[in-house]
1. In what order do LEU4, LEU90, LEU112 fall by count of nearby beta-carbon atoms within 10 Å, going from fewest to most?
2. Please list, by residue number, every one of the trypsin sites (Lys or Arg not before Pro) in segment 30-137 that is coil in DSSP and has at most 16 other beta-carbon atoms within 10 Å.
3. Let me confirm the definition first: pairs of Lys residues in the chain, 8 or more apart or on different chains, C-alpha distance under 30 Å. How many are there?
4. Per the helix-only calculation at 222 nm, which mean residue ellipticity applies to the chain, given -39500 (n - 2.57) for every DSSP H run of n ≥ 4 and division by its residues, nearest 500 deg cm²/dmol?
5. What is the dipole size for segment 2-129, taken about its Cα centre, with +1 at each Lys and Arg Cβ and -1 at each Asp and Glu Cβ, in debye to the nearest 20?
6. Can you list the residues of segment 3-35 with backbone N under 18 Å from a point 7 Å past the Cα of LYS121, pointing along Cα to Cβ?
7. Enumerate by residue number the GluC sites (Glu not before Pro) in segment 1-93 meeting two conditions: DSSP loop (anything except H, G, I, E, B), and at most 16 other Cβ atoms within 10 Å of the site's Cβ.
8. Taking the dipole about the Cα centre of segment 2-129, with the C-beta of Lys and Arg at +1 and of Asp and Glu at -1, give me whichever of ALA12, PRO115, PRO26 is farthest to the positive side.
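No lab work stands behind these numbers, since they all come straight from the coordinates. Being a predicted model, the structure only gives us computed values, none of them experimental. So basically every Cβ, Gly included, is an ideal-geometry build from the backbone, and we count neighbours across all protein chains shown.
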Amino acid sequence: MKYLVMIQGTQADYEAQGGKGSADAPAWSEQDIQAMYAHMSAINDDLAETGEIVDGNGLAEPAKARHVELGADGKPVITDGPYGETKEVLAGYWVLDCANVERVTEIAERILQCPGPEGTKQFPVVIRPILDGGGDV
């Protein structure tokens, strides 16, 4: 069964990882960044070894996002980010092919153990089954 595993963040989190902390997100040091990368790389390596990883990536900061929606007149309205009304955004994801939801939950628990500076907000890891071609999970 395939699952989408998502991690969330905010624009402030991206800025903090760049060294610009705020009340909502403490600044990350180079050691903090390297520890995070080492943690995530170890997870990715293990998933590659077990054959469970299909795809996975971190995403660019919300400030580099583009929002496309239909306006009242039915024409597209395009807005470049960040968006003041948006709190959390998708920061990264994995597409995993795991035997069951218990296994993917174990992986999500490991993702939550990612190191970071004290005071960093911990967002939940979201797991969503990917529908097969027939709409069944």
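1. Working: LEU4 18, LEU90 15, LEU112 12.
Ranking LEU4, LEU90, LEU112 by Cβ neighbours within 10 Å, fewest first, gives LEU112, LEU90, LEU4.
2. LYS87, LYS121
3. Final tally of qualifying lysine pairs is 11.
4. Values: 3 runs with 39 residues, N = 137.
Helix contribution divided over all residues of the chain: -9000 deg cm²/dmol.
5. Values: 10 positive and 21 negative charges, 66 e Å.
Taking the Cα centre of segment 2-129 as origin, the dipole is about 320 debye.
6. In segment 3-35, the label zone of LYS121 (backbone N under 18 Å from the point 7 Å along Cα→Cβ) covers 6-28.
7. Answer by residue number: GLU85, GLU88.
8. My answer, from the dipole projection, is ALA12.
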